[in-house]
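The next block holds one structure in the form of structure tokens; read it before the comments.
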Ligand SMILES: Nc1ncnc2c1ncn2[C@@H]1O[C@H](COP(=O)(O)OP(=O)(O)OP(=O)(O)O)[C@@H](O)[C@H]1O
């Protein structure tokens with residue numbers, strides 16, 4: 001078996017007295033997309049934040065998180081990012097008052113040359129809209145900017161939190177296409193509620209239920225099991241196939 005790129009063992013997160021994650025363990029394969037699923041509020045975002053060192057200061061994280069042989073816990077986020085952990089947060093976090101080009105420039109690093117060619121090949125619109133203020137972009141364009149910014153630098157693993165949330169169906173498809181191409185060269189841990197996108201992109205699935213892992217296996221196997229998706233995710237097969 002190939003070594004996972006990420007392994008999470010017995011991860012426990014408490015925030016403000018709430019035991020949000022209660023011993024979560026899973027691995028992420030070194031290629032392709034692994035999807036992290038679960039109903040609203042089960043702790044998907046909390047899991048990604050713990051991996052990238054962004055648990056709120058009043059939170060407490062226990063367990064082990066490793067990328068390759070390297071332990072990630074207790075390392076500051078900027079070091080993790082420099083070490084090749086790319087994070088695209090749920091709220092996209094683009095700087096609304098800055099232009100597209102300025103948003104990208106902020107991600108440049110002194111020690112490596114930014115891969116503008118790669119980013120503009122994936123997102124020609126970011127090139128065309130370089131002088132537009134990011135705040136005036138559509139939701140889909142902001143999502144492309146948030147992903148493009150991370151791809152300027154080399155990554156060993158990408159964490160992407162609900163990239164299609166709130167987007168129009170046509171834009172959802174565009175974002176899915178881009179992520180599919182991105183995942184050809186870098187493994188992705190994806191939080192995604194749109195099961196058609198999951199079906200298209202994900203090979204492996206990890207399902208959380210109230211702070212614990214309830215199921216792991218092939219994403220397509222999961223989606224074929226109507227009773228399982230209904231009990232774990234609260235949705236029926238119609239939503240999977242659209
Ligand atoms: N900073 C915080 N302070 C208090 N509670 C928090 C904090 N962050 C998360 N929680 C709680 O932890 C639980 C898990 O939240 P999280 O955002 O990780 O869930 P999720 O699975 O990503 O949900 P969704 O699908 O709705 O985005 C929720 O009940 C949430 O209210």
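Highest GNM mean-square fluctuation, the chain, Cα pairs closer than 10 Å: which of 17, 43, 84? Of 17, 43, 84, the Gaussian network model singles out 17 as fluctuating most. Counted over all Cα-Cα pairs of the chain, pairs farther apart than 28 Å make up 31 percent.
Only Cα pairs under 8 Å and 6+ residues apart enter the sum, and on that basis the relative contact order of segment 6-241 stands at 27 percent. Secondary structure note: in segment 6-241, about 60% of the DSSP beta bridges are antiparallel.
Over the C-alpha atoms of segment 2-146, the Rg to Rh ratio, Rh being the Kirkwood estimate, stands at 1.00.
Taking the Kirkwood radius as Rh and the Cα radius of gyration as Rg, segment 142-187 has a ratio of Rg/Rh equal to 0.95.
The relative contact order of segment 75-181 comes to 40 percent, based on Cα pairs under 8 Å that sit 6 or more residues apart. Across segment 37-89, the relative contact order, built from alpha-carbon pairs under 8 Å that are at least six residues apart, equals 30 percent. An ellipsoid equivalent to segment 120-242, defined through the eigenvalues of its Cα gyration tensor, has semi-axes of 29, 16, 12 Å when rounded to whole angstrom and sorted largest first. Comparing 146, 64, 50 in a Gaussian network model of the chain (Cα springs below 10 Å), the most mobile by mean-square fluctuation is 64.
Just checking the listed ones, 194, 103, 40: in the Gaussian network model of the chain with Cα springs under 10 Å, the one fluctuating most is 40.
In this rough spin-label picture, where each label sits 7 Å from Cα along the Cβ direction, the residue 91-residue 225 distance is 3.6 nm.
Only the coordinates and a few stated rules stand behind these numbers; no lab work does. Quick caveat: nothing in here was measured; it's all calculated off a predicted structure. Glycine gets a Cβ as well: all are built from the backbone with ideal geometry, and neighbour counts include every protein chain shown.
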